[in-house]
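Asker: Take a look at this one; I'll ask things after.
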Amino acid sequence: MKTIVLASNNQHKIKEFQKILTGYNILSLKDINYTQEIEENGETFEENSLLKAKTIHNFLKEEHPDYIVIADDSGLCVDSLDGAPGIYSARYAGNHDDASNRAKLQKELLGKKRTAYFNCTIVVYYPDETHKTFVGKTYGTITEDERGKKDFGYDCIFLSKDLNKTFGEATEEEKNSVSHRGRAIEAMLKEL
């Protein structure tokens, strides 16, 4: 069984990848004892994904040169805010607090068009140092009120066009079936 290292310690993300990539041994950063913070200083989702993948590949090179590394960067892009919060979605309000990020977004959207999409860009970095990029998007609008579970990012204010409910109101299966990450993974699976 091939081993894939997911350049993340985000439990939501790891679970999602494990459910979909059942034919692989999936390891997290914690599993490979990678403890440093990877500075995401790229200007696009792809640049950040590639930066993470390359960093982990270099970390593994000597002991596990045959491991595939998968890194992703994702975020919420609001049309009337020129794509913001975008790559800064997790730290939009200056910290990593979901409620603060949502509050800032709501304030900036007052009187503006609320169409938005989630973008997920995945980079698969192979042992021979080649890589491929896969993008998934899911469209919707930002609600004025929070609906459903509030424990993950912008889910409770993102009204999915596909589901006609917020991601916070959707079951995990419903969300995964139309999510940006699910779509990027689907594109990636065809490659793998």
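The values are calculated or read from the model by the stated rules, or taken from the named source; none is laboratory data. Everything numeric in this text was worked out from a predicted model, so none of it was measured. Using ideal geometry, Cβ is built from the backbone for each residue, glycine included, and neighbour counts are taken over all protein chains shown. The accessibility values were calculated without ligands, DNA or RNA, using every heavy atom of the protein model including side chains. Shrake-Rupley method; radii C 1.70, N 1.55, O 1.52, S 1.80 Å.
Asker: Could you tell me whether segment 130-146 includes any residue that is within 23 Å of Leu81 (Cα to Cα), open to solvent by 10 Å² or more (accessible area, probe 1.4 Å), in contact with a His (Cβ under 9 Å, 6 or more places away or on another chain) and not polar (S, T, N, Q)?
Answerer: For segment 130-146, residues within 23 Å of Leu81 (Cα to Cα), open to solvent by 10 Å² or more (accessible area, probe 1.4 Å), in contact with a His (Cβ under 9 Å, 6 or more places away or on another chain) and not polar (S, T, N, Q): present.
Asker: Now a separate question. Inside segment 78-188, counting only strands (runs of 3 or more DSSP E) that do not spill past its ends, which hold 3 or more residues that are in contact (Cβ under 8 Å) with a residue 60 or more places away in the chain?
Answerer: Ranges flagged: 115-125, 131-142.
Asker: Would you mind telling me which numbered condition in (1) under 19 Å from Gln106 (Cβ atoms); (2) surrounded by fewer than 21 Cβ atoms within 10 Å (Cβ to Cβ) Tyr154 fails?
Answerer: Only one criterion in (1) under 19 Å from Gln106 (Cβ atoms); (2) surrounded by fewer than 21 Cβ atoms within 10 Å (Cβ to Cβ) is unmet by Tyr154, namely (2).
Asker: Another question about this same structure. Against the definition (modelled with pLDDT of 95 or more and either basic (Lys, Arg) or touching a Gly at 6+ places or on another chain (Cβ under 7 Å) (or both)), how does Lys107 come out, yes or no?
Answerer: The answer is yes for Lys107.
Asker: Follow-up question, since we're still on this one. Filter segment 1-45 down to the residues that are of a type in the set (S, T, N, Q) and assigned to a strand (DSSP E or B), then identify the one that is most open to solvent (accessible area, probe 1.4 Å).
Answerer: Asn25
Asker: Another question, if that's okay. How many residues are modelled with pLDDT under 95 and more than 17 Å from Ser8 (Cα to Cα) if we restrict to segment 66-91?
Answerer: Total satisfying the criteria: 1.
Asker: Then there's this: Among the listed residues Ser89, Ser177, Ser160, identify the single one that is at negative phi and either open to solvent by 40 Å² or more (accessible area, probe 1.4 Å) or of a type in the set (Lys, Arg) (or both).
Answerer: After ruling out the rest, the residue left standing is Ser177.
Asker: Same structure, new question: Among the listed residues Ala116, Ala84, identify the single one that is more than 30 Å from Ile32 (Cα to Cα), among the small types (Gly, Ala, Ser) and open to solvent by less than 10 Å² (accessible area, probe 1.4 Å).
Answerer: After ruling out the rest, the residue left standing is Ala116.
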